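The values are calculated or read from the model by the stated rules, or taken from the named source; none is laboratory data. The shown structure was predicted, so the numbers you read here are calculated from the model rather than taken from an experiment. As a convention, Cβ positions derive from the backbone with ideal geometry for all residues, glycine included, and neighbour counts pool all protein chains shown. Ligands, DNA and RNA are excluded from the accessible area calculation, which covers all protein heavy atoms including side chains. Shrake-Rupley method; radii C 1.70, N 1.55, O 1.52, S 1.80 Å.
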Amino acid sequence: REKQRADLRTPGAEHRRLDFLVGDFDATIRYWPSAGEEPLTSSATTANAWILGGRFLACELRGELDGRAWERRSTLGYDRARKSYVETRLESTSTELPAQAEGRLGERENDIVFLRTYDDVVVGERVHLREVLSIVDWNHHRLELWIDPPLGEAHRLLEISYDRIR
């Protein structure tokens with residue numbers, strides 16, 4: 001049992017997959033306020049670094065979204081007990097603590113598909129989000145966020161393309 005616990009506590013190959021995300025990146029943001037609209041575009045920078053002995057990636061984004069300053073702090077890692085990638089985040093655009101996202105490898109080996117569900121307290125319904133993190137190569141990755149709101153049709157909400165600075 002102690003060996004099994006030690007294995008679960010130790011970063012593994014799944015963590016190494018996230019090494020591509022370590023560094024500083026310029027980000028191009030496309031945001032669709034609702035289905036069928038043209039996207040709004042803006043830019044940001046992000047800095048990502050391993051913390052807690054390489055168990056989690058701390059990500060700090062600063063930019064603009066829909067004409068307002070936008071900051072996001074998130075942690076990304078791999079939960080070896082659940083056998084899934086996990087992501088938590090806080091954003092300057094809300095006081096809500098969104099539900100943790102759980103992710104698995106997608107159909108393409110370099111994609112991690114995250115699912116997140118939260119309660120929209122304004123309309124009193126659950127909202128389902130699907131996020132696809134695509135690692136293109138060492139210098140580029142992309143995050144796409146799709147929303148299935150309780151009122152309205154499912155659509156792509158956000159796409160962030162990252163280009164390595166260093």
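Can you tell me which residues in the range 86-98 are open to solvent by 40 Å² or more (accessible area, probe 1.4 Å) and at pLDDT 90 or above?
Correct list: T88, L90, E91, S92.
Among the candidates V127, V123, which residue alone is surrounded by 13 or more Cβ atoms within 10 Å (Cβ to Cβ) and more than 22 Å from A58 (Cβ to Cβ)?
Every option except V127 fails the conditions.
Find all pairs meeting these conditions: Cβ atoms under 6 angstrom apart; at least six residues apart or on different chains; first residue within the range 137-166 and among the hydroxyl-bearing types (S, T, Y); second residue surrounded by 12 or more Cβ atoms within 10 Å (Cβ to Cβ).
From residues that are among the hydroxyl-bearing types (S, T, Y), the pairs are S161/T28; S161/R142; Y162/F25; Y162/A27; Y162/H141.
Restricted to the range 1-26, and to residues that are small (G, A, S) and at pLDDT below 95, which residue is least open to solvent (accessible area, probe 1.4 Å)?
G12
Can you pull out every residue in the range 145-166 that is over 15 Å from A35 (Cβ atoms) and crowded, with 16+ Cβ neighbours inside 10 Å?
I160, S161, Y162, R164
Given V122, V86, V113, V127, which one is without any contact (Cβ under 8 Å) to a residue 24 or more places away in the chain and not in a strand (DSSP E or B)?
V122
Hey, could you check the range 50-77 for residues that are under 15 Å from L18 (Cα atoms) and outside any strand (DSSP E or B) and say which is nearest to the chain's Cα centre (by Cα)?
Only one residue fits best here, namely R55.
Which numbered condition trips up A101, out of (1) modelled with pLDDT under 90; (2) of a type outside the set (K, R); (3) more than 24 Å from T41 (Cα to Cα); (4) surrounded by 12 or more Cβ atoms within 10 Å (Cβ to Cβ)?
Every listed condition holds for A101 apart from (1).
Assess whether D120 counts as being at pLDDT below 90 and more than 24 Å from R166 (Cβ to Cβ).
Against the criterion (at pLDDT below 90 and more than 24 Å from R166 (Cβ to Cβ)), D120 qualifies.
Considering the range 27-84 alone, what residues qualify as being surrounded by 13 or more Cβ atoms within 10 Å (Cβ to Cβ), farther than 27 Å from H155 by Cβ, touching a helix residue (DSSP H, G or I) at 6+ places or on another chain (Cβ under 8 Å) and not polar (S, T, N, Q)?
Correct list: G54, R55, L57, G77, Y78, R80.
Do we find a residue being small (G, A, S) and in contact with a strand residue (DSSP E or B) (Cβ under 9 Å, 6 or more places away or on another chain) anywhere in the range 111-131?
No, the conditions are met nowhere in the range 111-131.
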